[in-house]
Amino acid sequence: MAELAKSLRAELNRYSPGGKLPSSRALVERYRVSPVTVTRALAQLVAEGLVVTRPGAGAFRAEPRHAAPVTGDTSWQEVALSADTATELVPRSVDASGVLATLAAPPPGVVEFNGGYLHPSLQPERALAAALARAGRRPGAWGRPPTDGLPELRAWFAREIGGGVTAAEVLITAGGQSALTTALRALAPPGAPVLVESPTYPGMLAVARASGLRPVPVPTDADGIRPDLLEAAFRATGARVVVCQPLFQNPTGAVLAPERRREVLRIARAAGAFVVEDDFARRLVHEDAGPLPPPLAADDPDGVVVHVCSLTKPTSASLRVGALAARGPVMERLRAIQVVDSFFVPRPLQEAALELVGSPAWPRHLRAVSQELKNRRTVMTGALALHLPSLALPHVPSGGYHLWLRLPDALPEASLLAAALRAGVVAAPGRPYFCAEPPAGHLRLSFAGVAGPTEIAEGVLRLRTAVDELTGGTGGGRAEHPASD
């Protein structure tokens with residue numbers, strides 16, 4: 001379609017304004033494409049204002065637009081926006097760089113190690129298309145859904161969470177990011193501290209700051225967030241919320257140790273605080289992982305945990321369907337904020353999600369993703385150990401889609417990222433994952449957003465070229481790598 005639109009765009013000068021273009025049938029025969037392709041190409045030119053269509057008459061070159069763009073003076077906004085923050089305890093400035101680093105598409109030919117979603121080859125595209133088609137034929141599929149979400153979909157999420165969570169304790173959200181936003185706005189007033197893992201997901205830090213909250217870091221290690229430091233942080237700050245990712249934490253890949261699970265819940269309960277559990281990676285488990293621990297919410301009868309999960313990561317960035325689960329009076333506040341912010345998640349999307357998770361294709365897809373993520377992780381860890389031993393890899397995760405690397409002190413993070421881009425590979429910087437000063441430079445390398453093992457190996461070789469550029473060809477020396485791969 002894009003090629004046909006480009007060809008038609010180039011030919012428009014052959015027609016005078018208002019002149020009629022060849023018929024769709026003629027375009028099909030000339031370019032040897034399908035009628036659908038012709039329709040889509042013409043629709044693209046209509047959207048660009050280059051072509052107009054008249055039912056029953058055909059397509060015509062659009063009349064030129066003579067109005068010159070108006071150049072205004074927007075400098076007044078600098079004063080207005082700075083005045084907004086002058087009286088705020090925590091200015092609601094938004095640094096979206098960490099989020100954009102995982103959303104931005106790199107230039108053609110650049111290996112994408114910064115991706116936050118599955119490569120199209122890993123997505124269940126056929127199953128999604130079939131689910132969407134079936135959903136569109138459901139009675140009432142385009143009607144207004146219940147504000148809390150479709151009962152059947154809420155019940156499915158409740159069963160997945162376990163621990164006696166019921167459908168009445170689940171809200172359907174527009175993905176995990178929307179759920180995190182709702183949770184933080186509901187649980188903490190502007191200006192309040194919120195405890196976060198260090199390092200942690202930049203999108204959550206951006207949500208907190210945009211809501212006027214003050215993120216306070218609590219260090220993690222190989223077993224997840226440290227309970228001793230969590231307890232001290234609650235005492236020092238008076239915070240009433242902690243956000244954590246107990247399973248395959250982003251970016252470290254750590255899993256919260258069993259004894260720490262109990263401690264985190266006990267400490268939060270004693271502080272009169274909520275635990276926002278971001279369970280984003282449960283369906284990204286690797287084939288060689290052992291049994292997974294249940295969500296924290298499944299072990300919490302007292303309503304300490306507000307659980308966040310989503311179908312987006314294991315499927316497609318565009319299937320923005322997630323869930324919030326909570327017990328007790330907090331549910332009413334979560335529900336009110338969700339309704340005010342977005343009314344509801346579009347019903348066709350909810351119906352499609354139901355069709356997908358209820359189809360035989362769903363477990364097959366999860367098994368295929370589990371196997372492929374494990375294979376890709378193995379390829380990337382092996383290539384790093386061989387070509388870049390100077391980049392320390394303290395932990396090889398058994399779930400998720402990325403590795404977290406610590407850089408040598410002599411290798412500046414910003415310089416390495418710039419050199420990597422020159423070499424044809426892009427990675428996610430470590431700095432946005434810290435809400436305070438980072439202890440060292442880091443990189444997060446995703447193995448899920450690339451085409452396959454061959455591209456992973458090529459990307460690591462390009463990253464080696466970047467390191468050699470900065471270190472004089474030494475590869476930066478050696479660091480310890482786990483031997484599990």
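A few comments on the model shown:
- Figure legend. Inter-residue proximity from segment 312-332: first residues assigned by TED's automatic domain parsing to the domain that holds ASP299 and free of Cβ contacts under 8 Å to residues at least 60 places away in the same chain, second residues of a type outside the set (Ser, Thr, Tyr) and surrounded by fewer than 21 Cβ atoms within 10 Å (Cβ to Cβ), beta-carbon distance below 6 Å, spacing 6+ or different chains. Indicated pairs: GLY328/GLY303.
- Looking only at residues of segment 5-20 that are of a type in the set (Lys, Arg) and assigned to a helix (DSSP H, G or I), we find that the one that is nearest to the chain's Cα centre (by Cα) is LYS6.
- Flag: ALA323 matches the condition of being within 16 Å of ALA186 (Cα to Cα), of a type outside the set (Val, Ile, Thr) and out of contact with any Pro (no Cβ under 6 Å at 6 or more places or on another chain).
- Note on segment 408-430: residues that are closer than 30 Å to SER370 by Cβ and among the aliphatic types (A, V, I, L, M) amount to 5.
- Residue among VAL330, VAL339, VAL345, VAL369 that is crowded, with 20+ Cβ neighbours inside 10 Å and at pLDDT below 95: VAL345
- Residue list for segment 188-229, restricted to those being among the aliphatic types (A, V, I, L, M), farther than 18 Å from PHE280 by Cα and either surrounded by 23 or more Cβ atoms within 10 Å (Cβ to Cβ) or under 25 Å from the mean Cα position of the chain (by Cα) (or both): ALA188, VAL194, LEU195, ALA210, LEU213, VAL216, VAL218, ALA222
- Annotation for segment 254-270: at least one member residue is small (Gly, Ala, Ser) and closer than 25 Å to VAL99 by Cα.
- When restricted to residues that are exposed (fewer than 11 other Cβ atoms within 10 Å of the Cβ) and within 20 Å of GLY175 (Cα to Cα), segment 102-141 contains 1.
- Each residue in segment 165-190 was checked for being outside any helix (DSSP H, G or I), in contact with a strand residue (DSSP E or B) (Cβ under 7 Å, 6 or more places away or on another chain) and not hydrophobic (A, V, I, L, M, F, W, C), and 2 pass.
- Counting the residues of segment 8-26 that are surrounded by 11 or more Cβ atoms within 10 Å (Cβ to Cβ), over 10 Å from ALA59 (Cβ atoms) and either in contact with a helix residue (DSSP H, G or I) (Cβ under 7 Å, 6 or more places away or on another chain) or among the charged types (D, E, K, R) (or both) gives 2.
- Within segment 419-429, tally of residues that are in contact with a Pro (Cβ under 6 Å, 6 or more places away or on another chain) and either assigned to a loop (DSSP other than H, G, I, E, B) or among the acidic types (Asp, Glu) (or both): 0
- From PRO251, PRO246, PRO193, PRO151, residue being over 23 Å from GLY328 (Cβ atoms), outside the structural domain of HIS402 (by TED's automatic domain parsing) and touching a helix residue (DSSP H, G or I) at 6+ places or on another chain (Cβ under 7 Å): PRO251
- Subset of segment 230-248 [surrounded by 19 or more Cβ atoms within 10 Å (Cβ to Cβ) and without any contact (Cβ under 8 Å) to a residue 60 or more places away in the chain]: LEU230, ALA233, PHE234, ALA239, VAL241, VAL242, CYS244, GLN245, PRO246
Yes/no matrix, rows are residues, columns are (1) part of a helix (DSSP H, G or I); (2) in contact with a Ser or Thr (Cβ under 6 Å, 6 or more places away or on another chain):
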{"position": "TRP404", "(1), (2)": "no, yes"}
{"position": "ALA410", "(1), (2)": "no, no"}
{"position": "LEU417", "(1), (2)": "yes, no"}
{"position": "LEU443", "(1), (2)": "no, no"}
{"position": "ALA448", "(1), (2)": "no, no"}
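- Verdict on PRO482 being within 30 Å of GLN123 (Cα to Cα), part of a loop (DSSP other than H, G, I, E, B) and either of a type in the set (S, T, N, Q) or at pLDDT below 95 (or both): yes
The values are calculated or read from the model by the stated rules, or taken from the named source; none is laboratory data. What you see is a predicted model; the values in this text were computed from it and never measured. Note that each Cβ is placed from the backbone with ideal geometry, even for glycine, and that neighbours are counted across all protein chains shown.
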